[in-house]
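K.L.:
Take this structure first; my questions come after.
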Amino acid sequence: MKVAVYGFGNQTYYREILKVPETLGGEPPYGGSRMALEFAQAGHEVSLADPRIETIDSSLKQKLIDAGIKLTGDDVEAARDADVAVLFTPFRSGLTVKIAEKIIPYLGKDAVIATTCTMPVLVLETSVKNILFMEDREDIGFSTLHPAAIPGTPQHTHYFIATNELLEEQIVKPEQIEKLKKLAEDTGKEAYLIPAELISPVGDMGVVATASAAVSALEYYAISKSVLKTTKAMTEFQLAQAFQAVSSIIAKYGIEGLVKFLSTGALKKSLKSMLFDKKVQKVSFAAMDFLENISDVEAVIGSLDGMASCFEPKEKTFLSAPSPMLISYMEELAGEDVTRGIVREALKKLYQGEGK
């Protein structure tokens with residue numbers, strides 16, 4: 001296959017900030033350039049585009065050149081007749097959309113554009129719909145080739161590929177998914193097919209929270225069933241409400257808001273009354289231990305009381321109603337097309353900005 005990779009990867013960030021060689025292992029280049037290198041070593045025709053290509057360490061570039069990779073600062077040049085375009089570009093930045101818009105006319109027939117940890121693939125696909133229509137390129141599919149680890153480290157043993165599951169409209173054809181799956185497996189990586197909506201929560205850095213939340217949900221369901229004897233519907237609603245409240249506070253008010261509104265003292269008192277079975281409730285008991293030893297966290301992030309006292313919310317918002325339920329009610333009130341249009345435009349605004 002002909003593959004175009006966009007984004008060399010910030011090697012200074014990997015080496016000097018994350019200290020990847022010391023903490024995770026492997027060797028440079030890391031990131032998009034490592035993905036390109038492995039694709040080329042697997043026998044694919046690879047181009048790597050980066051606007052800063054002339055400033056990158058020559059020894060790193062030579063590794064790629066020796067593997068047969070074409071390096072360029074021209075996005076269009078890399079895209080010509082490519083079967084797969086991989087975007088290893090900045091997170092929450094309009095740059096990802098701009099590159100996609102630029103290269104769409106030049107990609108090969110039935111090509112697939114794959115995001116990595118750049119932005120949710122649904123946001124990208126929605127953002128370029130007009131270009132697809134205007135250029136008559138609705139043959140192009142959208143998915144992910146998410147490394148879910150830093151390429152170039154021993155931890156990178158897999159790729160997450162986004163599917164149409166849970167989506168009302170297809171964004172990628174089965175044969176395009178197979179292209180990505182083959183590309184991943186040709187490099188010796190395992191390919192996981194995951195619903196597009198879940199790629200970011202599972203594949204990005206927030207997975208540490210996603211995993212904790214998922215395990216916590218299963219744990220609470222077990223206790224609810226064995227001890228509390230509550231109905232499945234009630235348990236599920238309480239879980240959704242709890243997670244929605246926490247995520248809404250963070251989304252609207254940030255970590256300071258979380259500290260302000262969720263008193264550690266109140267959490268400890270309430271949680272203590274819900275500790276029944278240490279063997280089953282490992283997450284809950286660990287949470288209690290965390291709350292009892294919160295000073296360990298304060299040593300890193302500073303005084304929680306100080307954070308709370310300095311924070312005052314300027315705007316009010318809804319916190320605890322599960323969002324799919326709200327959207328369902330909005331569809332009843334305003335109509336399905338209007339509601340979904342608003343949600344799509346809101347997502348575009350969220351991810352195409354420069355971030356907070």
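The values are calculated or read from the model by the stated rules, or taken from the named source; none is laboratory data. Everything numeric in this text was worked out from a predicted model, so none of it was measured. Neighbour counts are summed over all protein chains in view; Cβ atoms, including those assigned to glycine, are modelled from backbone coordinates with ideal geometry. Quick note on the areas: whole protein, heavy atoms, side chains included, nothing else; ligands and nucleic acids left out. Shrake-Rupley method; radii C 1.70, N 1.55, O 1.52, S 1.80 Å.
K.L.:
Tell me which residues, restricted to region 37-58, are touching a residue at least 40 places away in the same chain (Cβ under 8 Å), part of a helix (DSSP H, G or I) and under 25 Å from the mean Cα position of the chain (by Cα).
P.N.:
Glu38, Phe39 - these are the residues of region 37-58 that are touching a residue at least 40 places away in the same chain (Cβ under 8 Å), part of a helix (DSSP H, G or I) and under 25 Å from the mean Cα position of the chain (by Cα).
K.L.:
Within region 345-354, is even one residue outside any helix (DSSP H, G or I) and open to solvent by less than 60 Å² (accessible area, probe 1.4 Å)? I'd like the intermediate steps shown before the answer.
P.N.:
To start, the set of residues in region 345-354 that are outside any helix (DSSP H, G or I) comprises 353-354.
Okay, now just the ones that are also open to solvent by less than 60 Å² (accessible area, probe 1.4 Å), so 353.
Within region 345-354 (the criterion being outside any helix (DSSP H, G or I) and open to solvent by less than 60 Å² (accessible area, probe 1.4 Å)), the answer is yes, since at least one residue qualifies.
K.L.:
Follow-up. So for region 111-123 (the condition being farther than 24 Å from Arg34 by Cα and buried (at least 21 other Cβ atoms within 10 Å of the Cβ)), does at least one residue qualify?
P.N.:
Checking region 111-123: at least one residue is farther than 24 Å from Arg34 by Cα and buried (at least 21 other Cβ atoms within 10 Å of the Cβ).
Here's the yes/no breakdown for (1) small (Gly, Ala, Ser); (2) modelled with pLDDT of 95 or more:
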| position | (1), (2) |
| --- | --- |
| Gln238 | no, no |
| Lys252 | no, no |
| Phe261 | no, no |
| Gly265 | yes, no |
| Val280 | no, yes |
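K.L.:
Checking Asp83 against (1) open to solvent by 10 Å² or more (accessible area, probe 1.4 Å); (2) under 26 Å from Thr187 (Cβ atoms); (3) out of contact with any strand residue (DSSP E or B) (no Cβ under 6 Å at 6 or more places or on another chain); (4) at pLDDT 95 or above, only one condition comes out false. Which one?
P.N.:
With respect to (1) open to solvent by 10 Å² or more (accessible area, probe 1.4 Å); (2) under 26 Å from Thr187 (Cβ atoms); (3) out of contact with any strand residue (DSSP E or B) (no Cβ under 6 Å at 6 or more places or on another chain); (4) at pLDDT 95 or above, Asp83 is out only on (3).
K.L.:
Restricting to region 33-50, count the residues that are surrounded by fewer than 20 Cβ atoms within 10 Å (Cβ to Cβ) and touching a helix residue (DSSP H, G or I) at 6+ places or on another chain (Cβ under 8 Å).
P.N.:
Total meeting the criteria: 2.
K.L.:
Here is a list: Phe276, Phe290, Phe311. Which entry is open to solvent by 60 Å² or more (accessible area, probe 1.4 Å) and either β-branched (Val, Ile, Thr) or not in a helix (DSSP H, G or I) (or both)? Don't jump to the end; show me each part of the working.
P.N.:
Numbers: Phe290 fails: either β-branched (Val, Ile, Thr) or not in a helix (DSSP H, G or I) (or both); Phe311 fails: open to solvent by 60 Å² or more (accessible area, probe 1.4 Å).
Just one listed residue meets the conditions, Phe276.
K.L.:
Determine whether region 301-314 contains at least one residue that is closer than 22 Å to Thr210 by Cα, aliphatic (A, V, I, L, M) and at pLDDT 85 or above.
P.N.:
Taking region 301-314 as the starting set, the residues that turn out to be closer than 22 Å to Thr210 by Cα are 301.
Filter once more, keeping what is aliphatic (A, V, I, L, M): 301.
Pick out the ones that are also at pLDDT 85 or above and you get 301.
Yes, there is a match, as at least one residue in region 301-314 is closer than 22 Å to Thr210 by Cα, aliphatic (A, V, I, L, M) and at pLDDT 85 or above.
K.L.:
Could you please find all residues in region 3-27 being outside any helix (DSSP H, G or I), open to solvent by less than 50 Å² (accessible area, probe 1.4 Å) and at pLDDT 95 or above?
P.N.:
Correct list: Val3, Ala4, Val5, Tyr6, Gly7, Phe8, Gly25, Gly26.
K.L.:
Is one or more of the residues making up region 311-325 over 21 Å from Gly206 (Cβ atoms) and among the basic types (Lys, Arg)?
P.N.:
Scanning region 311-325 turns up at least one residue that is over 21 Å from Gly206 (Cβ atoms) and among the basic types (Lys, Arg).
K.L.:
Is it the case that some residue within region 83-92 is out of contact with any Ser or Thr (no Cβ under 7 Å at 6 or more places or on another chain) and over 20 Å from Ser143 (Cβ atoms)?
P.N.:
Checked region 83-92: no residue is out of contact with any Ser or Thr (no Cβ under 7 Å at 6 or more places or on another chain) and over 20 Å from Ser143 (Cβ atoms).
K.L.:
Given the conditions (1) open to solvent by 40 Å² or more (accessible area, probe 1.4 Å); (2) closer than 30 Å to Met1 by Cβ; (3) not small (Gly, Ala, Ser), and given that Asp204 satisfies all but one, which numbered condition is not satisfied?
P.N.:
(1)
K.L.:
All but one of (1) surrounded by 15 or more Cβ atoms within 10 Å (Cβ to Cβ); (2) under 25 Å from Ile113 (Cβ atoms); (3) not small (Gly, Ala, Ser) hold for Asp74, so report the exception by its number.
P.N.:
(1)
K.L.:
Has region 222-233 got any residue that is open to solvent by 80 Å² or more (accessible area, probe 1.4 Å), touching a helix residue (DSSP H, G or I) at 6+ places or on another chain (Cβ under 9 Å) and assigned to a helix (DSSP H, G or I)?
P.N.:
Looking through region 222-233, at least one residue is open to solvent by 80 Å² or more (accessible area, probe 1.4 Å), touching a helix residue (DSSP H, G or I) at 6+ places or on another chain (Cβ under 9 Å) and assigned to a helix (DSSP H, G or I).
K.L.:
Within region 180-198, is even one residue acidic (Asp, Glu), open to solvent by less than 40 Å² (accessible area, probe 1.4 Å) and closer than 30 Å to Ala85 by Cβ? Step through it out loud before you land on a result.
P.N.:
Step one: list which residues in region 180-198 are acidic (Asp, Glu), which gives 185-186, 190, 197.
Next, from what is left, pick out any that are open to solvent by less than 40 Å² (accessible area, probe 1.4 Å): none.
Scanning region 180-198 turns up no residue that is acidic (Asp, Glu), open to solvent by less than 40 Å² (accessible area, probe 1.4 Å) and closer than 30 Å to Ala85 by Cβ.
K.L.:
Against the definition (surrounded by fewer than 16 Cβ atoms within 10 Å (Cβ to Cβ) and more than 29 Å from Ser226 (Cα to Cα)), how does Ala266 come out, yes or no?
P.N.:
No; evaluated as a whole, the condition is false for this residue.
K.L.:
Further question on the same structure: What are the residues in region 88-124 that are aromatic (Phe, Trp, Tyr) and at pLDDT below 95, if any?
P.N.:
Listed by number, the list holds a single entry, Phe91.
K.L.:
Which members of region 124-174 meet the condition of being within 15 Å of the chain's Cα centre (by Cα), aromatic (Phe, Trp, Tyr) and open to solvent by 10 Å² or more (accessible area, probe 1.4 Å)?
P.N.:
Phe160
K.L.:
Another question, if that's okay. Would you confirm whether or not region 165-176 contains a residue that is in a strand (DSSP E or B) and within 24 Å of Val208 (Cβ to Cβ)?
P.N.:
No, there is no match, as no residue in region 165-176 is in a strand (DSSP E or B) and within 24 Å of Val208 (Cβ to Cβ).
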